[in-house]
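Every read-out reported here was derived from the displayed coordinates using simple, explicitly stated rules and does not represent laboratory data. Since the structure is predicted, the reported quantities are computational estimates derived from the model, not experimental observations. FYI the Cβ positions are ideal-geometry reconstructions off the backbone, even for glycines, and counts take in every protein chain you see.
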Amino acid sequence: MARAFFALWPDASVRERLAVHAEEIAKQAGGKPVKPDSLHMTLIFVGNVAEDKLARLAAVVDRISRKPFSMGLDRLSAFAEPGVAWVGTSHVPSALYDIQAQLYMELENAGFDVEQRRFVPHITIARKVTKDVNDRPIDLILWSARTLCLVHSDTKPEGSVYQVVKTWKL
């Protein structure tokens with residue numbers, strides 16, 4: 001079984017800038033920064049999928065319209081439970097909501113049991129945060145979203161390890 005999800009993967013320069021915030025917030029609020037090469041924005045968490053169904057899962061992307069878009073990452077916040085700090089945007093582009101909604105609908109139509117949680121666009125930058133993180137603005141990080149990925153997640157004692165199964169251009 002593979003724990004699978006769909007995500008947008010930032011380019012190296014965006015990940016480097018996010019990693020600075022990850023280190024800072026981990027020092028300020030406790031917790032562990034997410035490794036720069038693991039920084040991503042989850043669109044849909046599918047959960048456990050049999051290895052032989054990954055191709056069918058990937059085929060869902062062929063049925064959605066994909067186009068590149070840009071957004072400004074400009075705020076730092078946290079989810080108290082499960083104790084994660086994240087970076088997000090004050091102005092969510094409609095293209096982001098569109099691609100997430102299309103993925104959701106096509107996955108349900110294909111018979112996949114997808115997570116029912118409300119979509120809150122964010123990039124987790126630190127885990128196991130132990131102190132409050134005040135919602136606040138950060139210096140703008142402009143992100144041109146160009147890559148959609150199907151990702152396999154493996155939970156290890158030292159943290160999650162992500163393997164990109166397939167990548168599509170937006």
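The angle separating the long axis of helix 94-109 from the principal Cα axis of greatest extent in the chain is about 40 degrees.
With respect to the chain, whose longest principal axis is taken over its alpha-carbon atoms, helix 12-29 is tilted by about 50°.
Which order do the peptides 11-18, 37-44 take when ranked by the mean count of other beta-carbon atoms within 10 Å per residue, highest first? Let's see the in-between values first.
Details: 11-18: 16.5, 37-44: 19.9.
Ranked from most to least packed, the peptides come out as 37-44, 11-18.
Model label points for Ser90 and Asn109, set 7 angstrom from Cα along the Cα-to-Cβ axis, are 3.7 nm apart. A Cβ-based charge dipole, computed about the Cα centre of segment 52-170 with Lys and Arg at +1 and Asp and Glu at -1, lands at about 260 debye. Rounded to the nearest 500, the 222 nm mean residue ellipticity of the chain from helices alone is -7500 deg cm²/dmol, with -39,500 (n - 2.57) taken per DSSP H run of at least 4 residues. Dipole orientation for the chain: of the candidates Val60, Gly30, Trp143, Trp143 has the Cα lying most toward the positive pole (charges on Cβ; Lys, Arg +1; Asp, Glu -1).
Contact order normalised by length for segment 2-169, with contacts defined as Cα pairs under 8 Å and 6 or more residues apart; what percent is it? That works out to 35 percent.
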